Amino acid sequence: MKTYSSISEVQSDLYNNRLSCVELTKSYISRIHENKKLNAFLEVFEQSALEKAKEVDEKIKNKTAGKLAGLVIGLKDNICYKSHKVSASSKILDNFESLYSATVVERLLVEDAIIIGRLNCDEFAMGSSNENSSKGNVLNPHNTEYVPGGSSGGSAAAVAADLCLATLGTDTGGSIRQPASFCGVVGLKPSYGRVSRYGAIAYASSFDQIGPLTKNVDDAALITEIIAGNDEFDSTVSSKPVPEYSKELKSADKKKYKIAYLKDCVEANGLDSEIKKNIYQLIDKLKSEGHVVEPVDFPYLDYLVPTYYVLTTAEASSNLARFDGINFGYRSPNAFDLESTYKKSRTEGFGKEVKRRIMLGTFVLSAGYYDAYYSKAQRVRRLLQNKVNEIFTDYDFILSPTTPGTAFKFGQKGTDPIAMYLEDIFTVLANITGHPAISVPAGVHSNKMPFGVQFTAKPFAESDLFAIAKSI
Ligand code: GLN
């Protein structure tokens, strides 16, 4: 079967009787099996996907199908789908089945998307290379010696390898955008509060957002408009009306924007020289198209990763307290009383990185250190928010690389967690401040691996983000 590159292309074939949803779903299922070694999918929801495909075929005949009819989409393994397994790629949630669906899942299904399976990721979304999954590494489809990025590594690899047309990921510090960059696809982290987190397994609740990974910007816009918007189950979701991003994007007249780029990011020591060159070329191109592109100072680069790791580990230590061997998933067979059930289940059920973060988070919240670390990081967060808002009083976008380099080889950043944490240096800012940010493919490195460029916009200015992303 031919490979499809957009929802509209699929729908044109569906509505002209050249294809059925059942055929399409079956062909993706066989592609998933053929590409098993990528380890992107943890499970194919074969039965429910084919049932849904059949239902959507009927609806297409009756002209009652929803906006996402025929969209075959995968879910990161931390997004709940009723009566389907979900594990956050952790042993502690082995064999756990969701009792309800995430709001985003409900909304996808109402619009007739076909959910094809769940995707490997770093355990509890903690990682930048997918090497922290208890279910094994995901391989980068562009070169299987390289990591796909993380934590939504399976979500990015699946789209890049055509195992489904789109996926949902979650992004707490870059987990959609970084793997999107490493795998050559589009990845959006919406504004904090744009998309309901109900039914996403929480890592750091004041940072987490669900967003799409797609082959193109139009599909990202369409999926976002479906999943976004007010939700009675998540009080942090904004009640702001959701624009019809996809329509706006089609009719968007080419606006001229004011774009800031952070000199300190583009001139950062650790930035790959080819990526740097590419950013400057892009800046020239944007200028030649009539946009204003100017450097701005951002003297806080060194504070981003520490602030992110103090605050997210604090939130994680609280969020992950519920996995205690009693209510969910794994219970240690070696436990003999209540305390040993907690201790042994958590010790055996969580991986190394998750334990490191729970300990770090517990430490920064502990009575003697709370002020020195947690409250201080909260104050730095406010400072960073103020600084970014100040930039946005003059500019529509902040442009930066998505990542300091391309995908790296397995094991390359292995033993040093700090080296891995620095992967997030350009992406964590949007989560610290809550701004929306998108990574779009920007080029291919001489090592043959793709890389992306990142645009960040004002809160709830996803429309602008889609417009600029599409234009490049
Ligand atoms: N790589 C970052 C981390 O390890 C981001 C993860 C995420 O966005 N979920 O925390």
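The table below lists the values:
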quantity	calculated
Separation between Cα centres of region 39-74 and region 236-261, rounded to whole Å	28 Å
Under 5 Å, built H, 5+ apart or other chain: amide partners of Tyr198	Thr103
Packing-based order for 197-207, 62-72, 12-22, using average beta carbon neighbours within 10 Å, highest first	197-207, 62-72, 12-22
Anchor Lys52: lysines whose Cα lies under 22 Å away (excluding residues fewer than 8 positions away in-chain)	Lys2, Lys26, Lys61, Lys63, Lys67, Lys76, Lys82, Lys85
Phe233 paired with Lys26, simple spin-label distance in nm, labels 7 Å along Cα-to-beta-carbon	3.3 nm
Rel. contact order, % - alpha carbon contacts under 8 angstrom, at least six apart, region 255-353	24 percent
Axial C-alpha extent at least 24 Å, average Kyte-Doolittle at least -1.0 - helices from the chain (DSSP)	301-319, 376-394
Reachable aspartates and glutamates from Lys355, criterion Cα separation under 14 angstrom, eight or more residues apart if same chain	Asp122, Glu123, Glu315, Asp324
Estimated FRET transfer efficiency (Ser83, Lys276; beta-carbon r; R0 51 Å; 0.05)	0.55
Within the chain, helix-based [θ] at 222 nm, where runs of 4 or more DSSP H residues each add -39,500 (n - 2.57), nearest 500	-12000 deg cm²/dmol
Share antiparallel - DSSP beta bridges, the chain, percent rounded to 5	65 percent
1.4 Å probe accessible area per residue over the chain, in Å²	39 Å²
Gyration tensor verdict on region 205-247 (Cα atoms; rounded if a/c is under 1.5, prolate if a/b is larger than b/c, oblate otherwise)	oblate
Long-range HN-HN contacts of Ser191 with modeled amide H, under 5 Å	Phe460
Cα centroid separation, region 324-355 to region 91-170 (Å)	24 Å
Built amide H within the under 5 Å cut-off of Glu43, gap 5+	Arg118
Candidates per trypsin sites (Lys or Arg not before Pro) in region 349-441, loop by DSSP, up to 14 other Cβ within 10 Å	none
Region 380-425, accessible surface, carbon-and-sulfur percent (1.4 angstrom probe)	51 percent
Convex hull of Cα atoms in region 98-232, direction-averaged projection (nm²)	7.6 nm²
Rounded Å value of the spacing that divides the Cα centres of region 380-439 and region 1-36	35 Å
Cα gyration tensor, region 407-471 - rounded (a/c under 1.5), prolate or oblate	oblate
Segment Leu301-Lys285, extension gain: residue separation times 0.36 nm, minus the distance between their alpha carbons	3.2 nm
Sites Ile326 and Asn389 - FRET efficiency at Förster radius 45 Å, r taken between beta-carbons, to 0.05	0.55
Qualifying GluC sites (Glu not before Pro) for region 74-179 [loop in DSSP, other Cβ within 10 Å: at most 16]	Glu145
Shape category assigned to region 354-399 from the gyration tensor of Cα positions, a/c cut at 1.5	oblate
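The values are calculated or read from the model by the stated rules, or taken from the named source; none is laboratory data. In this text, all values refer to a predicted model and were calculated from it rather than measured experimentally. Positions of Cβ are generated from backbone atoms using ideal geometry, with glycine treated the same way; all protein chains shown enter the neighbour counts. With ligands, DNA and RNA removed, areas are computed over all heavy atoms of the protein, side chains included. Shrake-Rupley method; radii C 1.70, N 1.55, O 1.52, S 1.80 Å.
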